[in-house]
Each structure stands twice: as C-alpha cells, then as structure tokens.
Amino acid sequence: MKKTIIIGLCALFPGFSLVAQKAEKQSVLQDKAHEWKVSGQLGLQAGGAIPIPMSALSGDDGAVNAQVKVYPRLAARLGKRLSDHWWAYVGLNYASSGITAKARVKNQRIKEVKNGALDVKYFTGVSLVEMAFAYAEFPVYAEYTISPRNKLLMGLYGAYKVSGKFETTAVKGFTSDKPDNVHAEVRPSDNIRSNFSSDLRGWDFGVLLGYEFAVFSRLNAGLHLNFSPFDIFKAEVDYFDYTMHPLRGSIMVSYDLFRR
C-alpha cells in the first residue's frame, strides 16, 4: 500500500521525485561544507608476496597450491578537501598478511645446517613456503569523486616491518651442489627447513589503489589494494632466481569520527 502511494505521488507530482533524489544526494554529500575530517577504519586483509616471474614457483607442470590467510586490519586517516571532486589523505594502518603454499620448484637454493655450519644447496622437487608479515603502514593518497556515492583512490604508501617470517621446507625431491645435478634424495621423513626471515627487508614502499562507496554521509565501504615493485628480501640476498613482491588486498569500512 505504502509503495503504491509513493508511486502515485511521483506520477501526479513529478517534482516530488526530483526532491527525493536531491535529498538523498545531499544526505550523501552533506560533508561538502567540511574541509577536514578524521576517520577510523576497520576491515579484513589478505595477501603476502608473489614471485616475479610468476612461473618461478610453478615447476614444469604448473602445480601450485596456496592458502591465503585473512587478518583484521585497523587504520585511521586524516582528510583535507582540495576541491568538489578531490580529497587528500594521510593515514596510519596496521596491516598483516600471510600465505602458505606448496609448489614444485627447480634448482631452488636452500639453507642446510650440518655440524653447526651453513651449507647452501640446490633443491628440485616439492617445496612448502610459509610467509607472514606485519607492517605499520603510512599511506598518502588522493580520492576522486566520480558520483555522489562512488569514489576512486590512488596514491603511495611506505611501511615499516614490525615482524616477518619466510620459511621454505624441501618436502620431497633431491638436492645437489650444482644446478641440475642429483646429490641426495629428500624424503618427507627427512625434509629440510630453511629460514630466510632474517633476510627480509625492514621497509616497504609501493602503490595504493582503491574504490569506496558512500553508504551514508559519514560511513564508507571500500576495497584497497597495495602492491610494491620492491623485493621483500635485502639487496644482497641471492638465494632466489626471482623476486618476491608484497601484494595485499583489504575490505574496509570507514567512519568519519570528526569533521570541521
């Protein structure tokens, strides 16, 4: 009945529909009078690091099985209006990510400790990779308003590594002193674990892209994507014939706590 009345009013009074649309638009954009705002953000994040080229961890048959872990994400941001369509933001995020993957590798360097001495060998076979990272992240980005509810984000971020883990386990295959040679068989009962956590860089820089949807005037929901062109390992590390690059994605809700 109520729906019928509203349809009837819109049919009899076309101006009624325009007023309703205008009121909705104003409710979404009523912060146009504000030049500054501070927002709290909460969400879920997943990711880790990907090899470049991607084929580096796929072996000859392309077999890769990965499990991406999901973590809570906490953030805050300060925004300044630049124009009717542009806002500038600086933020502070606590970001965690991690992946467990099993892949076929060829001539991957591993660390094996024998009698207290470090021995670097080549491994071909099935390898288990475990990685987990936690960063204090400092994004700087711009927001462009496409329509009253739709916004695009683009910018850069810097990050300090709070903690990091990168370990590989040679599960099944063979090791050698030189590439493409067979020296010793590796069985699941005597797998070799290599810890590369101390070889991780303590910082990260990259690109931030995103999309946000204005649910209400103060509440936004969105997707954020971070990618770094830099390797997660220190420059002097040469265990791998490929580079690993941070990649994180998050689903966020943002609420404006303060506006002026």
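The values are calculated or read from the model by the stated rules, or taken from the named source; none is laboratory data. Predicted model only: the values in this text are computed from it and were never measured. Virtual Cβ from ideal backbone geometry, glycine too; neighbours counted across all protein chains shown.
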Looking at segment 134-179, which of the residues that are of a type in the set (Val, Ile, Thr) and surrounded by 13 or more Cβ atoms within 10 Å (Cβ to Cβ) is nearest to residue 45 (Cα to Cα)?
162
Exactly one of 144, 122, 157 is in contact with an Asp or Glu (Cβ under 6 Å, 6 or more places away or on another chain) and either assigned by TED's automatic domain parsing to the domain that holds residue 251 or part of a strand (DSSP E or B) (or both), and that one is 157
Which one is surrounded by the fewest Cβ atoms within 10 Å (Cβ to Cβ) among residues in segment 237-256 that are in contact with a helix residue (DSSP H, G or I) (Cβ under 8 Å, 6 or more places away or on another chain) and hydrophobic (A, V, I, L, M, F, W, C)?
237
From the list 254, 250, pick out the single residue that is closer than 16 Å to residue 42 by Cβ and in contact with a His (Cβ under 7 Å, 6 or more places away or on another chain).
250
Condition check for residue 255: in a strand (DSSP E or B) and assigned by TED's automatic domain parsing to the domain that holds residue 105:
yes
Taking segment 218-236 and keeping residues surrounded by fewer than 15 Cβ atoms within 10 Å (Cβ to Cβ) and either touching a helix residue (DSSP H, G or I) at 6+ places or on another chain (Cβ under 7 Å) or under 15 Å from residue 93 (Cα atoms) (or both) leaves 234
If I ask for residues that are more than 16 Å from residue 52 (Cβ to Cβ) and either over 20 Å from the mean Cα position of the chain (by Cα) or among the hydroxyl-bearing types (Ser, Thr, Tyr) (or both), which ones from segment 239-260 would you list?
250, 254, 255, 256, 257, 258, 259, 260
I'd like the full set of residues that are assigned to a strand (DSSP E or B), of a type in the set (Gly, Ala, Ser) and exposed (fewer than 13 other Cβ atoms within 10 Å of the Cβ), limited to segment 33-55.
none
Could you tell me which residue of segment 88-108 is surrounded by the most Cβ atoms within 10 Å (Cβ to Cβ), considering only residues that are free of Cβ contacts under 8 Å to residues at least 60 places away in the same chain and among the charged types (D, E, K, R)?
104
Evaluate the following for residue 186: is it free of Cβ contacts under 8 Å to residues at least 60 places away in the same chain and of a type outside the set (D, E, K, R)?
no
Selected residue [at pLDDT below 85 and surrounded by 15 or more Cβ atoms within 10 Å (Cβ to Cβ)] from 182, 186:
186
So residue 214 clears everything in (1) within 30 Å of residue 107 (Cβ to Cβ); (2) more than 12 Å from the chain's Cα centre (by Cα) except one condition, right? Which one?
(1)
Just give me the residues in segment 91-122 being farther than 22 Å from residue 47 by Cα and modelled with pLDDT of 95 or more, in sequence order.
none
